[in-house]
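Enquirer: Structure incoming, see below.
The values are calculated or read from the model by the stated rules, or taken from the named source; none is laboratory data. Every value quoted in this text rests on a predicted model; they were computed, and no experiment measured them. Positions of Cβ are generated from backbone atoms using ideal geometry, with glycine treated the same way; all protein chains shown enter the neighbour counts. Remember, those area values only see protein heavy atoms, side chains included, never the ligands or the DNA or RNA. Shrake-Rupley method; radii C 1.70, N 1.55, O 1.52, S 1.80 Å.
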Number of protein chains: 2
Amino acid sequence: MHDDPGLFECMYSMRAMRRLKPDPVPEAMVERILEAATRAPSGQNTQPWAFLVVTEEAGRRFFGEKYRYWMRKSSGGREPAPDDRSQRAREIRAARHLGDHMPEVPLLILACGKRDWPFAVPEDRRVGHAPPSYGSVYPAVQNLLLACRGLGLGASLTTLHQMFESELHDYFGIPDDYGVVASIPIGFPKGNFGPVRRHPVASKTHYERWASAQ
Amino acid sequence: MHDDPGLFECMYSMRAMRRLKPDPVPEAMVERILEAATRAPSGQNTQPWAFLVVTEEAGRRFFGEKYRYWMRKSSGGREPAPDDRSQRAREIRAARHLGDHMPEVPLLILACGKRDWPFAVPEDRRVGHAPPSYGSVYPAVQNLLLACRGLGLGASLTTLHQMFESELHDYFGIPDDYGVVASIPIGFPKGNFGPVRRHPVASKTHYERWASAQ
């Protein structure tokens, strides 16, 4: 494929990009990342995903203001000390930045999933609806994120919408038989892609049987 | 990166490969796909995943026999008619083939997740444990599958282990505070990679608001 970025390079440098420019994302890029998402596997190839693409200001502002409210509420207004340069402090600051600027992020994609997963919770114990099949939507979400990285777009996977999902259903007309699985703010990044920070593979791997030491 | 396969090419040709050779998968490849998995994003970068790598015959046979039993039971012994050449019939035959040959698949990876996701089901309504955070494990699973594709390994995402998960916990010593999220049989493919079959993107996308026609 012409101009196809490297798979491993993209996976290894796909940082959560939370500082985004307000410039619009070209339509051709939006179509390409959605197409990549829909190439993902799903249980029995049912493809129970649906993508709601929000670029108009009213919708972005509606989502962004709810997001900011819940981000502040759930973090209890806590801020890292100004001289705290730890990884955790930097992540919190970037998350706050994203929350504060969410209404200006040019592209928001809500990855939805059909509520077709009765296994998770028996019907008589279910609160409201059955959940969507996460296993049949998150692979598409990861494809979408990788495609963003491949095209030079910044994105991050957020799930704070769980705090105000019913309001999203009302506002955007999302039917009851779909749940919102992930909300993905996207734009051209202000910073650079770079290596992700992760625990060593060995600390996450067990061979043949689970080792007691982790 | 040297010899990095194309991202989009991999995403677009990552078929579920269910007919696998019994040849062992080289250790260097196993390490590479696990490393790729652990580069994925997770909520607050908690990386709540753990991978159980099974290559010894006893473990593969234990898993494979349970899998075959449940696959036959859940499909009710139904077989497509021999002259049925539809896509669905071919998928069912490939799934049966995988189930029948699971014990001979050379590499099985159980992707596990820490049960750290209290949101999904309120504690007083939970049957047993809280679920793992699917949103923090499936992106790693998709990276792993893409890495297999990139290296020329065949794989598929299966979740039938949900029917016998407690037996897996006992046999492999998986602790109670982890759940098995996906089980991934891996080997060199007998067939060829090729374009995946999916619904058109337009049928899965809504702009600005959910359109009533789907």
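Enquirer: How many of the residues in region A:61-81 are surrounded by 20 or more Cβ atoms within 10 Å (Cβ to Cβ) and within 13 Å of another protein chain (Cβ to nearest Cβ)?
Expert: The qualifying residues number 1.
Enquirer: Can you find even one residue in region A:45-58 that is of a type in the set (Gly, Ala, Ser), in a helix (DSSP H, G or I) and open to solvent by 50 Å² or more (accessible area, probe 1.4 Å)?
Expert: Checked against the condition, which is being of a type in the set (Gly, Ala, Ser), in a helix (DSSP H, G or I) and open to solvent by 50 Å² or more (accessible area, probe 1.4 Å), region A:45-58 yields at least one hit.
Enquirer: OK, next. Which condition number does A:HIS169 fail, the rest of (1) without any contact (Cβ under 8 Å) to a residue 40 or more places away in the chain; (2) in a helix (DSSP H, G or I); (3) open to solvent by 40 Å² or more (accessible area, probe 1.4 Å) being met?
Expert: (3)
Enquirer: Oh, and also: Criterion first (open to solvent by 40 Å² or more (accessible area, probe 1.4 Å) and touching a Pro at 6+ places or on another chain (Cβ under 7 Å)) does B:ARG115 satisfy it?
Expert: When the stated conditions are applied, B:ARG115 passes them.
Enquirer: A further question follows. State yes or no: is A:LEU98 within 12 Å of chain B (Cβ to nearest Cβ) and of a type in the set (A, V, I, L, M)?
Expert: Answer is no for this residue.
Enquirer: Being closer than 17 Å to B:VAL54 by Cα, facing chain A (nearest Cβ under 8 Å) and either touching an Asp or Glu at 6+ places or on another chain (Cβ under 8 Å) or outside any helix (DSSP H, G or I) (or both) is the requirement here; does B:VAL196 meet it?
Expert: Values: closer than 17 Å to B:VAL54 by Cα: no; facing chain A (nearest Cβ under 8 Å): yes; either touching an Asp or Glu at 6+ places or on another chain (Cβ under 8 Å) or outside any helix (DSSP H, G or I) (or both): yes.
So B:VAL196 fails the test.
Enquirer: Now, a different point. Take region B:173-188 and flag every residue that is more than 7 Å from chain A (Cβ to nearest Cβ), touching a Leu at 6+ places or on another chain (Cβ under 7 Å), open to solvent by less than 20 Å² (accessible area, probe 1.4 Å) and within 26 Å of B:TYR12 (Cβ to Cβ).
Expert: B:SER183, B:ILE184, B:PRO185, B:ILE186, B:GLY187
Okay, residues lined up against (1) within 8 Å of another protein chain (Cβ to nearest Cβ); (2) part of a helix (DSSP H, G or I); (3) surrounded by fewer than 21 Cβ atoms within 10 Å (Cβ to Cβ); (4) at pLDDT below 90:
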{"residue": "B:VAL121", "(1), (2), (3), (4)": "yes, no, yes, yes"}
{"residue": "B:VAL127", "(1), (2), (3), (4)": "yes, no, yes, yes"}
{"residue": "B:ALA130", "(1), (2), (3), (4)": "no, no, yes, yes"}
{"residue": "B:PRO139", "(1), (2), (3), (4)": "yes, yes, no, no"}
{"residue": "B:LEU145", "(1), (2), (3), (4)": "yes, yes, no, no"}
{"residue": "B:GLY150", "(1), (2), (3), (4)": "yes, yes, no, no"}
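Enquirer: State yes or no: is A:PHE193 open to solvent by 10 Å² or more (accessible area, probe 1.4 Å), touching a Leu at 6+ places or on another chain (Cβ under 8 Å) and closer than 23 Å to A:LEU151 by Cβ?
Expert: Here the answer is no, as A:PHE193 does not meet what is asked.
Enquirer: Also: Can you tell me which residues in region B:1-26 are more than 10 Å from chain A (Cβ to nearest Cβ) and either under 26 Å from B:SER136 (Cα atoms) or open to solvent by 70 Å² or more (accessible area, probe 1.4 Å) (or both)? Before you say what the answer is, go through the steps one by one.
Expert: Taking region B:1-26 and keeping what is more than 10 Å from chain A (Cβ to nearest Cβ), we get B:17-26.
Hits for region B:1-26 are B:MET17, B:ARG18, B:ARG19, B:LYS21, B:PRO22, B:ASP23, B:PRO24.
Enquirer: Just one of A:PRO22, A:PRO80 is in contact with a helix residue (DSSP H, G or I) (Cβ under 7 Å, 6 or more places away or on another chain) and either assigned to a helix (DSSP H, G or I) or touching a residue at least 40 places away in the same chain (Cβ under 8 Å) (or both); which is it?
Expert: The match here is A:PRO22.
Enquirer: Go through region A:27-41 and count every residue that is open to solvent by less than 20 Å² (accessible area, probe 1.4 Å) and either more than 23 Å from B:ARG39 (Cβ to Cβ) or at the interface with chain B (Cβ under 9 Å from one of its Cβ atoms) (or both).
Expert: Qualifying residue count, region A:27-41: 6.
Enquirer: For region B:82-101, name all the residues that are open to solvent by 60 Å² or more (accessible area, probe 1.4 Å) and basic (Lys, Arg).
Expert: If the condition is that a residue be open to solvent by 60 Å² or more (accessible area, probe 1.4 Å) and basic (Lys, Arg), then B:ARG85, B:ARG88, B:ARG90, B:ARG93 are the ones that fit.
Enquirer: Quick one: A:ILE174 ticks every box in (1) farther than 23 Å from B:ARG39 by Cα; (2) modelled with pLDDT under 95; (3) outside any helix (DSSP H, G or I); (4) of a type outside the set (Phe, Trp, Tyr) except a single one, so which number is it?
Expert: Single failed check for A:ILE174: (2).
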